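Comments concern the structure below.
Since every read-out is calculated from the coordinates, none of them should be taken as a lab result. Not measured: the values here are computed from a predicted model. Counting neighbours? That spans all protein chains shown, and the Cβs are built from the backbone with ideal geometry, glycine included.
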Amino acid sequence: MRRRRVGALAASALLAGSLTGCAGGPFVTAGTCVDWVAFDTPADALADASSAVVGTVGAQQGTTDLYGYTVSVWTVHVERWVKGTGGADIRVVSAPETCSEGSPYPSGDPLADASGPQLILLHDENGALRTITPWQGIVPADAHGALPNAWPPGTMGSPAPVS
């Protein structure tokens with residue numbers, strides 16, 4: 001596993017803000033800056049997940065607050081539980097990227113663009129299910145709903161597509 005590191009400037013700004021009690025400033029974000037894990041393979045992510053499903057993302061069910069960010073909540077229609085147990089329809093919070101100004105999804109909300117069966121890797125966040133990370137919480141399921149051996153091109157932790 002690799003970890004995404006916060007830059008020294010951002011870390012210094014957050015420390016300075018916390019020491020002075022400042023709520024604003026050019027380098028301070030509105031929410032918590034999370035040091036997300038980057039999993040080498042989907043199997044590594046599944047091992048770390050508290051639960052996982054193969055399912056189809058439905059409609060957005062509103063928003064909630066997570067780490068100081070307003071984030072999307074989605075309905076997922078579960079075809080089968082890969083890890084853990086639960087209902088046929090669940091609510092999933094889409095984890096924010098954090099550490100940036102503006103949108104919690106500067107690269108786009110991965111659940112918003114999902115179509116067809118997906119393997120959704122979940123973490124229990126105080127009783128609510130959220131994607132395990134902003135980048136590696138959802139991956140298209142293969143024809144049999146099996147775990148892919150590698151991340152699709154363009155997923156954090158996988159090589160970018162070659163042009």
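Tally Lys/Arg at +1 and Asp/Glu at -1 over every other residue whose Cβ is under 11 Å from the Cβ of Thr56; what's the total?
Details: positive: none; negative: Glu79, Asp89.
Summing Lys/Arg as +1 and Asp/Glu as -1 gives -2.
Please get the size of the charge dipole for the stretch 52-162, origin at its Cα centre, with Cβ charges of +1 on Lys and Arg and -1 on Asp and Glu, quoted in debye to the nearest 20. Before the final figure, lay out each step's value.
Numbers: 4 positive and 10 negative charges, 51 e Å.
Approximately 240 debye in magnitude.
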In sequence order, calculated HN-Hα J values of the stretch 81-93 (Karplus, 6.51, -1.76, 1.60; Hz; x Gly/Pro): 8, 8, 9, x, 9, x, x, 7, 10, 10, 9, 10, 8
Here the stretch 36-52 yields Karplus 3J(HN,Hα) values (6.51, -1.76, 1.60; θ = phi - 60°; whole Hz; Gly and Pro given as x) of 5, 6, 10, 7, 5, 9, x, 5, 5, 5, 4, 4, 8, 5, 7, 7, 7
Quick one: pull the percentage of alpha-carbon pairs in the stretch 38-163 with a separation above 18 Å. 49 percent
Peptide ranges 100-113, 37-50 listed from the most packed, as the mean C-beta count within 10 angstrom indicates: 37-50, 100-113
